[in-house]
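Take a look at the structure set out below.
The values are calculated or read from the model by the stated rules, or taken from the named source; none is laboratory data. Note that the structure is predicted; figures quoted are calculated from it, not measured. In this analysis, Cβ positions are derived from the backbone assuming ideal geometry, glycine residues included, and neighbour counts consider all displayed protein chains. Calculation scope for accessible area: heavy atoms of the full protein, side chains included, ligands and nucleic acids excluded. Shrake-Rupley method; radii C 1.70, N 1.55, O 1.52, S 1.80 Å.
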Amino acid sequence: MKLPVSTEWVLHCAASLAQLEPGETASATRLAEFFDVPAAYLAKQLQALVRAGVLAATTGPRGGFQLAGPAAEISLLQIVEAVDGASSPYVCREIRQRGRGALPPEDCQDRCVLARRMDEAHDAWRSSLEGVSLADILGDIPQAAHARTRARLLGRR
C-alpha cells in the first residue's frame with residue numbers, strides 16, 4: 001500500500017502536537033518549519049484533521065492547532081483516514097471475465113478470491129492502526145524529545 005507523503009506529515013504533526021501541554025497550540029507555519037514541508041499544503045491537511053475531529057484550531061495571534069481530545073483517544077487510523085479516506089486501495093475490475101482467459105459468468109458468481117484477500121489485508125491494516133493511539137506513540141518517544149519539540153514548536157528554541 002502506498003500512501004501520499006502528506007500522510008507522513010500529518011502523522012508526525014499530530015504526534016508533535018500531542019507533546020504540547022494542555023492549552024498550547026502550534027501554527028501551521030511553525031509545524032511546516034519544524035518538518036521543512038510546504039506550509040500552505042500542510043495547512044490544508046491539518047484542516048482535514050480539524051474536520052475529522054482529530055485537531056482543534058484557534059485563530060488569532062496565539063492561535064494554532066492542538067489535539068481535539070486526549071492522545072489516548074486518537075488512533076493512527078483516525079489520522080490516516082482523515083486525509084486519505086477509508087476506502088480500500090484495491091479495486092477489483094473483474095478482469096477474470098475479460099480477454100482470452102475469460103471465465104464464463106456462471107463461474108464468477110462469487111466475488112473474486114483476490115479481491116476478498118486484498119480486502120482482508122486492508123481490514124487487518126486498518127485494525128492495526130486503530131489499535132495504536134497517539135498516547136502509545138508518545139510512550140515510544142524519549143522524554144527529552146518532548147521538551148525539545150515543545151520548545152521548537154512554541155518558538156523557545
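Which one of these does Glu94 not meet: (1) more than 27 Å from Leu17 (Cα to Cα); (2) open to solvent by 60 Å² or more (accessible area, probe 1.4 Å)?
Condition (2) is where Glu94 drops out.
Any idea which residue in the range 34-58 is nearest to the chain's Cα centre (by Cα), counting only those that are open to solvent by less than 30 Å² (accessible area, probe 1.4 Å) and β-branched (Val, Ile, Thr)?
Val54
Determine if the range 84-92 includes at least one residue that is touching a strand residue (DSSP E or B) at 6+ places or on another chain (Cβ under 8 Å), within 24 Å of Gly131 (Cα to Cα) and touching a residue at least 12 places away in the same chain (Cβ under 8 Å).
Within the range 84-92, none of the residues are touching a strand residue (DSSP E or B) at 6+ places or on another chain (Cβ under 8 Å), within 24 Å of Gly131 (Cα to Cα) and touching a residue at least 12 places away in the same chain (Cβ under 8 Å).
Okay, residues lined up against (1) assigned to a helix (DSSP H, G or I); (2) more than 19 Å from Trp9 (Cβ to Cβ):
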{"site": "Arg62", "(1), (2)": "no, yes"}
{"site": "Val80", "(1), (2)": "yes, no"}
{"site": "Arg93", "(1), (2)": "no, yes"}
{"site": "Asp123", "(1), (2)": "yes, yes"}
{"site": "Ser128", "(1), (2)": "yes, yes"}
{"site": "Ala135", "(1), (2)": "yes, yes"}
{"site": "Ala145", "(1), (2)": "yes, no"}
{"site": "Thr149", "(1), (2)": "yes, no"}
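For the range 11-33, name all the residues that are surrounded by fewer than 17 Cβ atoms within 10 Å (Cβ to Cβ) and either under 18 Å from the mean Cα position of the chain (by Cα) or within 18 Å of Ala82 (Cα to Cα) (or both).
Hit for the range 11-33 is His12, nothing else.
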